[in-house]
Structure formats: structure tokens, C-alpha cells
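What follows draws every value from the coordinates through simple rules; no lab data is involved. Keep in mind the model is a prediction, meaning the values are calculated, not measured. Glycine also receives a Cβ, built like all others from the backbone with ideal geometry; neighbour counts cover every protein chain displayed.
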Amino acid sequence: MAISEDFLALLRDRTDIEDLLSSYITLKRRGKNLVGLCPFHSEKTPSFTVYPENGSFYCFGCGAGGDSITFIRRMENLDYVEAVKFLAQRAGLRMPEDGFDDTLSKRRQRILAANREAAKFFHAQLLLPQHAHALAYFTDDRRLSMKTIRHFGLGYAPDSWNALLQHMQQAGFSAAELVDANLVRKSTKNENSYYDAFRARVMIPIIDIRGNVIAFGGRVLDDTKPKYINTSDTLVYKKSREVFALNFAKNSGERRLILCEGYMDVIALHQADFPFAVAGCGTALTQEQAHLLSRYADEVLLCYDADEAGQEALRKAIGIFSLIGMKIKVLQLTGGKDPDEIIRKYGRDRFFAILDGAANDIEFRILALRDKYDVTTDDGKVQFLKSIVELLAALDNPIECDVYTSRMAGELNVDKVALNAQIEQIRARQRRQKHRTKMDEMQKSLTVRRDPLNPEMQQHYRAAKAEEAILTLLMNNNDFIPAVTDELDEDCFVTSFHRHVFSRLMLCWKTSGVVDIPHLSAYFDPDELGRVTRLFMNRAIYANTPDECRECIRTLREERDKLDSKPPPMDDDDAFLSSFQALKEQKQ
């Protein structure tokens, strides 16, 4: 094991999984366990369960599972050692000086160090006299103060093929490390040649919530395409999980966030004293980003451009935030195409008024539908009402639904009873559809499908199910392990994944004398541990007796013997010779 078991045991004792996970998601007690909405996929009904008694969690929706370390690995995008360090710091523990392999952690630290040095280089270049045109872009075109420029660490990448490369090599970084950080790229024509990834662009550092420079966005100073070039995903940066300026916004004292489309909009809003503005990294909001925002705010104010692309992005964002239960308001931008333009033209008071007049997501959708139809005509009114009842039928809150139904009935002079009847009709249709979908899913679940983690299961289904049962019984009944080791070894297993799980299970037993999810977490990546957790959760299916375990071993041995008794498949040469010999015998 990479880190000593004594230290991990102490860390487990100091880490309350309920307290840890509650800082990320809302959990409600259900008996001795806790449930909540899964942070790893979108859902309306909680399927994420926490088991405080054994320090584990499992999502019955997406299959994510494990212990506190696994959870932090997924949520914070960390490797195993870094997740342990994260929890150790949280628990006030000092990591052991040695005894673990931190090769991957060192690579990550070098990338972070390279990004930090590159940010300093870009900022220094911005202030050089020969790059006055780049500084003028920020100060004249964007009207940013030097205080704002320093606050965000804005910079400039010179119009040179290797200015950054030369500086970084002088600072002690190798070309391979810079490629790792996506700061330089390797030439496709000459394998020993490298060039800067960012050239002739103003640079915007992307900083995570812990204050690390993890990536950069580079913008051209003219109309050249592409307008932005961003750092590709690296060991320290996954654009689908990061939010620009959240490191500042989380300390604003606000429990709301303004979500913008672009970095420059965010910077302009911060300068105008709206320090709770952020922007998603990447081209579209993701579920991971929405969950991250929900940790720091109860309400999000969506600030998207009024063009078709902006409105499409807005609709998707509303859908994502609705699923995780965040309050949503939509800003109607008037007087400019984006916040930056509005503030530059009219000042912060105009934008403050826009914030005050923000509509919630239902009001926004109603306004959008009203613009779509001509309600002065009978046909337009009917089409508008049809769309409205579809919208209201999707509301889970009966009070909210009643308020909007009453308002629509009054505004359009229609009977509220008729609207409610239409809403109930739609809901009945949706319930029937949901039931059909559930039955279809149940039917599909009866069919053996290809399993990406254990692809051999489809071919050796009976053996794989026996293997599952054995692993479940051993994990839940550690005292069975000594009794079955004479009857069972790795060679008995038919599928590679279950063989791998068994070998790790035995190693865990020899190392710590305990086999459970927290002790197994060091041996698997998060996806594998999710499957192992599911196996552990199968304990209710089996009788949990030594005899049942031995019966499963007998079944597995029978399947293994069947495979061993089959002749090995012929390769192409053997198949050809066999066919040739058969033809020869026919002719004779």
C-alpha cells in the first residue's frame, strides 16, 4: 500500500463522512443512513446514500461509490495521495514523511509551479513598453484599472514562437513538463522542436478555489479566429469542472452568484463592485460546474447574451440548475449585448437595476412564450395557453403552480378550473409515460448487456455471477476468508475484473486484516471502487453463510473446468491447415 495503514486508520477515525459530505451536498437522514441528490449526475429523486457506520457511500443511480477519499477524488479532481493530503489537512494531521509513492502528485505540483511561473511571465510582459498595445486593450478598450489588472493577474503572451519556452527553461522547467502543462506544444515536423501554445494574445489566468493557477485563456487583440484559445485538460485542470473567478466570488459574502458567459464580463462586473460574478470554463455549463456553484450559493443569476447561441445556452443552464434545486433568476440585458458593454455605457447603477428586475426561471419562460405568440388573437391565445399548461404541469411545488395558474387565468380571462384540468391531464399522461419508461428499463435490465468494467461477464454470465456472490460474501464476512483460501485462488476466477478485485481483496486482508470499502479504497480507481461498493451492497441478496460461499465456489469451479476442457481456439494458420487436410481427405 502506498501510505501506511496506521496513518490511514487515524485519518479514517478523524474524518466523519457525514460531516464531510454535508459540506458538499444536502443530506437527509433516513433511518441510520443519509440520502441526497447525487453530485455526480443529474437527478430529481435522491439515489445517493451515505452509510456512516462503515464510512462509505453509494449512488444507486450512476454507480458512484466508495469512501471519503474516493468522494474527495471525484469532487476535487485529485489523485489518491492528494485526496489523502486534502483530508489530512482538514483533520489537522501531518502526512508521513515517506512510505508512499507520490510520483503523480509531484507531476501535478510541477504543473502548478509551471503555471504560476508562466502567469508571472505573462503579467510582466504586459507591462513592458514594447507591449503597450496589449495594455491599452485592457485600459482603453475595456476600461480596466491597473488595480483590476493586478487583481486578476492579467498578462500578455508575446508574438514569438518560443519566448515563454526560453523563459521557463531558464527557470528550471523541462520541455516535457511544459507540454504536460499545455504551455508549449511539440512540433509535428521535428520531434525535438517545441513552440509556445499562446502567442500574441492577452492572457487571463484561471485560478481554482485553493488559489492555484491551473490554466489560461488567451484572447486575440483583433478579429482573428479563434478569438479565444484555452488550456486543454491537464492533470490539474478539467474545464468541465472549473469555474472562473469562483476563488474571489466565494469570499464576497453573498449567497448568490452571477453566472456570465465570458471572462471579460466577469472581470468588468468585479471592477464595478459585483464581486460575486463567475463564468464557466468551456463552451457550455456542465453538471459538475453547477454542483460546484451550489456549494457556495443558494441562488444563481443567469447573465447570458441575447443572441440565439446565448439563449440556447441559457435554456440548458436553466435545466441543469433546476435539477439540483438551486434558485434561478434570469437577467434581461437592455442597453448592451453583455454586462461589460452595459457598464461601460451606463455605469454600475444600470446593471444594479437589471439585477433588481431579474425574473425567476418560470417568469422568464412565460415571458419567452408570450413573445412567441400573438395573444390578441384567439388562435394565439389558445397556442400560448397550451404552452403555459405544459410548463406549469412540470412544476413540483403545488403553491407555485397555483400562483401562476391564477395569474394566467386572470390575465387572459379564462377559467382557472379549465387550466387546472388541462394541467392534470398532462400530468396523468406524464405519469403513464414514466411508468412505461420504467417498465422498459426493467425489461432491459433483464438482458445481459456489455459491461465496460467487466466485458467478459456477457460471455461467462454464470461464472461472473458466482464470482460476484463470492466477493460480496467475503467483503461482508471477513471471517470466511481464512476458511476459503484453501479452496479458492485467483486462477479460479474466469473474468479478469473479478480476478483483479479478488487479488486486491486478499492483499488488503494480508496488509490490514480488514476488508471493507475504506480499507479497499487505496487499491482501486474511483470507477472501480464504485463497482466494488455495489458488490458490497449486494449483501442483502445472499444468506451470508459459509455454506453458501462454498456453494458459489463449487459453481465457479464447474464453470472454470468447462472452459479448461474446451480445446483452445485455432489461430489463422491452424485453421487453414485443418481445412486443407479435410479437403485432402475428401478427395482421397
**Message:** Helix 308-324 against the longest principal axis of the chain: what's the angle in degrees, Cα atoms only, rounded to the nearest 10?
**Reply:** 50
**Item:** Where trypsin sites (Lys or Arg not before Pro) fall in DSSP loop in segment 1-68, at most 14 other Cβ within 10 Å
**Value:** Lys32, Lys44
**Exceeding the 21 Å Cα-Cα cut-off - candidates Lys250/Lys329; Lys465/Lys510; Lys327/Lys416** = Lys465/Lys510; Lys327/Lys416
**Request:** Describe numerically, in nm with one decimal, the distance between label points set 7 Å from Cα along Cα→Cβ at Leu412 and at Ser565.
**Result:** 7.2
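Sort 161-168, 4-11 by the packing proxy (mean of other Cβ within 10 Å over each peptide's residues), most packed first.
On the way: 161-168: 18.2, 4-11: 15.8.
Ranking the peptides 161-168, 4-11 by packing returns 161-168, 4-11.
Okay, helix-only estimate at 222 nm for the chain: each DSSP H run of n ≥ 4 adds -39500 (n - 2.57), divide by all residues, round to 500 deg cm²/dmol; what do you get? The partial results should precede the final answer.
Values: 26 runs with 305 residues, N = 588.
Value at 222 nm, helices only, nearest 500: -16000 deg cm²/dmol.
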**Item:** segment 377-444, relative contact order in percent, only Cα pairs under 8 angstrom and at least six apart counted
**Value:** 30
**Message:** With the alpha-carbon atoms as the only input, what is the per residue convex hull volume for the chain in Å³?
**Reply:** 259
**Asked** So how far apart, in nm, are the two label points at Gln433 and Asp527 if each is 7 Å from Cα heading toward Cβ?
**Response** 3.2
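Calculate the dipole size of the chain relative to its Cα centre from +1 charges on Lys and Arg beta carbons and -1 charges on Asp and Glu beta carbons; express the result in debye to the nearest 20.
In total the dipole reaches around 1320 debye.
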**Asked** For Glu254 and Asp378, FRET efficiency with R0 = 51 Å and r from the beta-carbon atoms, rounded to 0.05?
**Response** 0.65
**Request:** Can you tell me the 0 to 90 degree angle between the C-alpha axis of helix 461-476 and the longest principal axis of the chain, rounded to 10?
**Result:** 80
**Asked** How about Lys85: which lysines have a C-alpha closer than 18 Å to its C-alpha, ignoring those fewer than 8 places off in the same chain?
**Response** Lys106
**Asked** In µm²/s, what is D for segment 377-444 at 10 °C and 1.306 mPa s, where D = kT/(6 pi eta Rh) by Stokes-Einstein and Rh is the Kirkwood radius from Cα pairs?
**Response** 121
**Item:** segment 299-367: trypsin sites (Lys or Arg not before Pro) in DSSP loop, at most 14 other beta carbons within 10 Å
**Value:** Lys337
**Request:** Compute the acute angle (0 to 90°) between the alpha-carbon long axis of helix 526-537 and the principal axis of greatest extent of the alpha-carbon atoms of the chain; round to the nearest 10°.
**Result:** 60
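Find the all-direction average of the projected area of the Cα convex hull for segment 136-228, expressing the result in square nanometres with one decimal place. Don't jump to the answer; show the numbers that get you there.
Working: hull surface 29.2 nm².
Mean orientational projected area (segment 136-228, Cα hull): 7.3 nm².
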**Message:** Based only on Cα atoms, what mean projected area does the convex hull of segment 59-202 have, in nm²?
**Reply:** 13.8
**Complete:** Shape descriptor, segment 464-541: equivalent ellipsoid semi-axes (Cα gyration tensor, sqrt 5λ, whole Å, largest first) stand at 16, 15, 13
